[in-house]
Amino acid sequence: MASMQNTIIPGCEICDSYLFLCGETELRDGFRVALYVIGLAYCFVGLSAITARFFLSMENVVKQSRRVVVIDPHSNTEIVNHVKIWNYTIADITLLAFGTSFPQISLATIDAIRNIGNLYAGGLGPGTLVGSAAFDLFPIHAVCVVVPKAGEVKKISDIGVWLVELFWSFWAYIWLYIILEVWTPNVITLWESLLTVLQFGLLLAHAYAQDKRWPYLSLPLSRTERPEDWVPQEPASCKHENIVYDEHSEIPGVNTNENKNRGIVDIFSIHSEIGPGTNAFTMNTLMIDTRIAGSAYQKVPANDDIDESSGEKNHKEMLVADTHVFALWKRQFLDALTLESKEARKVNNIYLRIARILWQLLLAPWKLLFAFVPPHHIAHGWIAFICSLIFISGIAYVVTQLTDLISCVTGINSYVIAFTALASGTSWPDLVASKIAAERQTTADSAIANITCSNSVNIYVGIGIPWLIDTAYNFVAYGEPLRIQNAEGLSFSLLVFFSTSVGCIAVLVIRRVILGGELGGPRFWAWVTSVYFMLLWITFLVLSSLKVCGII
């Protein structure tokens, strides 16, 4: 890919950069922009395609448990329990928030690596992350508030943890404004970037202390008792109207007959309880596909006696794994090449069948590429989790190149593209995750926690690490800090975001006081709230774009 440069001719500017072929520069600017925009949209389709596989791997990572043996004081017998390793709150902040924000984080990191050696930081990463924060807070809240069924109200059960996460989310943007405009205006020093990254650790520690109700470090707020079925199971005979994810379909939100007999994969089942005597590997293999044997999804039997030795259990479970893992991997490639299943052929509506085939055809290259991701049953999902992140990073790299080309050809400020198109496209996993939580969970904790935690991760990790890379290089190579292009415009966007955020949180508080919960409630007021959140987002986009373009 050629480096970005403009050749200035009296009266016009010609973009000499190209994506694949130098002949692209001979095309008309309008046609070039259309091609690059289509390419950008197709990359976002790729992000949506990897989302289901990524969520499956993350679910298995968080379900990992450890074996705990206790002695019953009354009967003096051993009781074997399997306790989840991951704490609910830490899982929400780390794997969930970090994972769903990874497209933006990888994009910002790639932008920083490309700018190593320059005294000025690139604007693509910070612009995308600030724009993503606005997309998370406003449009995602707008979707989540109307997702519950009419009249159903869902509220945050652990208000203390949410307040801690909210504090660190707001402080992240205040901190960013301070280092941009107060301490060292228009420049970022090595220590400022290092402190930015370290504050993510403080967020984790404070949230964990609040979850455990440590004295002096937590707010004295009681927690509503979490229901036993954190994510209630739906009857097997029902036709699911919620988002359906299965390991052989990368299309979220498509309710087809072919999904009817497949298990629903819910990333928020990390909040369900694991009963005594349940082995972690057995939990991870409950959804193993045995269609190779001619059946639909079947559950692997998990009725071993407690008295059976753990060695024999593990041996049986490893046999199950060896039998199915490679069959599953083979099935991933077969499904990637299948445009229409047997069940889909039974649909009488020819237009619906054609639409599905076209969508599958559009997804086929992505599905074939992502079939190389190992099945999520291996190593508690860690290998699939890491491979998914690698693919996301690759897509993010292509996105940065396309964005540069669009900015080069059209002359549109890169901050404007980052605030709008990039922020919306890369925030798709956040939207999917929060929507699933708002639909399936009995409370609003994870749906809203994913939003607030993602905003914190965007600053502490998404901006902190790229700036740390550039400031460290500049400090060693030149002894100079990192200068920020259009720091005034970025600071103004932070102020607009902070002001509109106050309006958003205030409405959530009012809904909790009056309606009894942040999400759902009477349909009319749910839609009024949704429209209000979307107007806040539009306000942020318009004011921020006008400022960075120098119009206001």
Expressed in angstrom and rounded, the centroid-to-centroid distance over alpha carbons for the range 87-122 and the range 492-519 is 26
In whole Hz, the Karplus estimates of ³J(HN,Hα) for the range 366-371 (6.51, -1.76, 1.60; θ = phi - 60°; x where Gly or Pro) are 5, 5, 5, 5, 6, 5
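Peptides 396-402, 353-359, 79-85: what's the order by average Cβ count within 10 Å, highest mean first? Mind showing how you got there, number by number?
Numbers: 396-402: 21.6, 353-359: 13.6, 79-85: 15.3.
In decreasing order of mean packing, 396-402, 353-359, 79-85 become 396-402, 79-85, 353-359.
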Of the accessible area of the range 332-450, computed with a 1.4 Å probe and all protein chains kept, carbon and sulfur make up a percent value of 72
Phi-derived 3J(HN,Hα) across the range 58-72 with the Karplus relation (6.51, -1.76, 1.60, θ = phi - 60°), rounded Hz, x for Gly and Pro, is 5, 4, 5, 4, 6, 6, 4, 9, 10, 8, 10, 10, 10, 9, 5
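Set the Förster radius R0 to 35 Å, insert the Cβ-Cβ distance between Leu194 and Ile390 as r into 1/(1 + (r/R0)^6), and round the FRET efficiency to 0.05. Walk me through the numbers before you get to the answer.
Numbers: r = 26 Å, r/R0 = 0.75.
FRET efficiency, Leu194 to Ile390: 0.85.
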Length gained if Glu26 through Val80 is fully extended, taking 0.36 nm per residue and subtracting the Cα-Cα distance, is 12.4 nm
For the range 90-186, whose charge dipole is built from +1 on Lys and Arg Cβ atoms and -1 on Asp and Glu Cβ atoms, the candidate among Trp183, Gly131, Phe170 with its Cα farthest towards the positive end is Gly131
Note: Leu368 to Val528 extended length (0.36 nm per residue) minus current alpha-carbon separation gives 53.4 nm
Burial-style ranking of 421-433, 533-545, 209-221, average other-beta-carbon count within 10 Å with highest first, yields 421-433, 533-545, 209-221
Beyond 27 Å (Cα-Cα) in this structure, taken from Lys84/Lys155; Lys84/Lys330; Lys63/Lys154; Lys84/Lys367, we find Lys84/Lys330; Lys84/Lys367
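Using per-residue counts of other Cβ atoms within 10 Å, averaged over each peptide, order 34-46, 115-127 from highest down. Each step should come with its number before you reach the end.
On the way: 34-46: 17.0, 115-127: 20.5.
Result, highest mean Cβ count within 10 Å first: 115-127, 34-46.
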The ³J(HN,Hα) series, computed from each phi in the range 431-440 with the Karplus coefficients 6.51, -1.76 and 1.60 at θ = phi - 60°, rounded to the nearest Hz and given as x for glycine or proline, is 5, 4, 4, 5, 5, 4, 5, 5, 7, 9
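The values are calculated or read from the model by the stated rules, or taken from the named source; none is laboratory data. As the structure is a computational prediction, the values presented were derived from the model and not from experiment. Cβ coordinates were reconstructed from backbone atoms using ideal geometry, including for glycine residues, and neighbour counts include every protein chain displayed. Heavy atoms of the whole protein, side chains included, go into the accessibility calculation; ligands, DNA and RNA do not. Shrake-Rupley method; radii C 1.70, N 1.55, O 1.52, S 1.80 Å.
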